[in-house]
Every structure is written in structure tokens, then in C-alpha cells.
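Data block below; observations after.
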Amino acid sequence: MLQFGLQQPDRPTTSIFLFCSYRRSTSSGLALNKRNEMATSNGRTKITALVVDDDRIIKTIHSKLLSKLGIENQVAANGEEVVALHCSGKKFDLIVMDRDMPIMNGIEATRELRALGIRSIIVGVSTRFLEQEIQEFMDAGLDDYQEKPLTSSKVISILHKINHNS
């Protein structure tokens, strides 16, 4: 169960409860081919990604970059949207998660996704460079961390990690 508290001046706190369940995938391992597809027991499937960032420009850059590399992707503006998407049944192979966002930041969202059993590759992105800040984000459950903005070479590196971890 996820609980979000909203506070407004001169009003009591309102709690919103979002119930969701998650069923773990029982599929066998995945492997990438040169067209950024995953070989599964059911045939071939395109890699799907979710770009999560509150900055419209960065979100557009990352989305277009992934599309150019043949990766189907969707965008979200904050961590709460990511959790809601997963609770509605959406699944992604890769999640590119910004650290600092309104409503629910990347650290909180990553923790929530992992608590739900989401096993997508989550790559944290940020302009932060202090080791302590990066480590805090990694400790939330990231698989990788990259400095913003992503480049083709960074995405290719991430794809290789997906291939080796599958």
C-alpha cells in the first residue's frame, strides 16, 4: 500500500491511499539482439523504456534519444506517476529516473517500485555529482547511475548492462 500525504495551509493533512498488487514475471532470461529487441520464450519483443523527469527539455531529449536507438518509450513527470503506471499494469524493461522531482522524487519512487517487486532496470539520472548524493540514490535500488543528459554512448552502455544481467 502506498500512502501520500498532502498538506495545505490552514487545512488538515489529507491522505490518499493507492492499493496495487504486483505479480512477478516467471519468464526465463532475456537477451538483447542488435536491433534492441529481447529474445523471450514467446518470440522477440522490443525493449520498452519509461523516461521520468520533471524537466520537459531533458525528458524530450532522453525520449528522442531512446527512440533513435529503436527503444519504444513513454514519459512521466514524477515518481508518483511511475508508481501509478506500474500499479495499472504497465511494464517497462528500462526506467530512466530523475533524482529531483516534485510530488515524489526519484529516490522515493525507486524504493516504492522495488518494494512492489518491480524488477525493471532502473537507471538514475541527475546533475548531482557528490558521491554521497549518488550513493543515496543507488541505495534506493538503482541498477546504474548516469549524469544528465544521457548520450548515445551512455544508453548503449546501459543496454550492454541489461544484456549481461539478463
Filter the range 49-78 down to the residues that are part of a helix (DSSP H, G or I), surrounded by 16 or more Cβ atoms within 10 Å (Cβ to Cβ) and out of contact with any Pro (no Cβ under 9 Å at 6 or more places or on another chain) and list them by number. K59, S63, L66
In the range 121-164, anything surrounded by 14 or more Cβ atoms within 10 Å (Cβ to Cβ), of a type in the set (S, T, Y) and over 20 Å from I71 (Cβ atoms) is listed as S126
Scan E136, E112, E72 and give me the residue that is at pLDDT 95 or above, more than 14 Å from V52 (Cβ to Cβ) and touching a strand residue (DSSP E or B) at 6+ places or on another chain (Cβ under 7 Å). E72
Show the residue pairs that are 6+ apart or on different chains and have beta-carbon atoms under 6 Å apart, the first residue being within the range 122-140 and without any contact (Cβ under 8 Å) to a residue 24 or more places away in the chain, the second being surrounded by 17 or more Cβ atoms within 10 Å (Cβ to Cβ) and in a loop (DSSP other than H, G, I, E, B). T127/K148
Being under 16 Å from the mean Cα position of the chain (by Cα) and at positive phi is true for just one of G117, G124. Which residue is that? G117
Are any of the residues in the range 27-37 in a loop (DSSP other than H, G, I, E, B), at pLDDT 95 or above, in contact with a Leu (Cβ under 9 Å, 6 or more places away or on another chain) and not aliphatic (A, V, I, L, M)? no
Given the options G106, G117, name the one that is small (G, A, S) and touching a strand residue (DSSP E or B) at 6+ places or on another chain (Cβ under 6 Å). G106
Is it the case, given these coordinates, that M97 is closer than 23 Å to R56 by Cβ, open to solvent by less than 60 Å² (accessible area, probe 1.4 Å), out of contact with any Cys (no Cβ under 8 Å at 6 or more places or on another chain) and assigned to a loop (DSSP other than H, G, I, E, B)? no
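Taking the condition open to solvent by 40 Å² or more (accessible area, probe 1.4 Å) and on the phi > 0 side of the Ramachandran plot, does I103 pass?
Numbers: open to solvent by 40 Å² or more (accessible area, probe 1.4 Å): yes; on the phi > 0 side of the Ramachandran plot: yes.
The answer is yes for I103.
The values are calculated or read from the model by the stated rules, or taken from the named source; none is laboratory data. Keep in mind that this is a model prediction, so the values were computed, not measured. Positions of Cβ are generated from backbone atoms using ideal geometry, with glycine treated the same way; all protein chains shown enter the neighbour counts. With ligands, DNA and RNA removed, areas are computed over all heavy atoms of the protein, side chains included. Shrake-Rupley method; radii C 1.70, N 1.55, O 1.52, S 1.80 Å.
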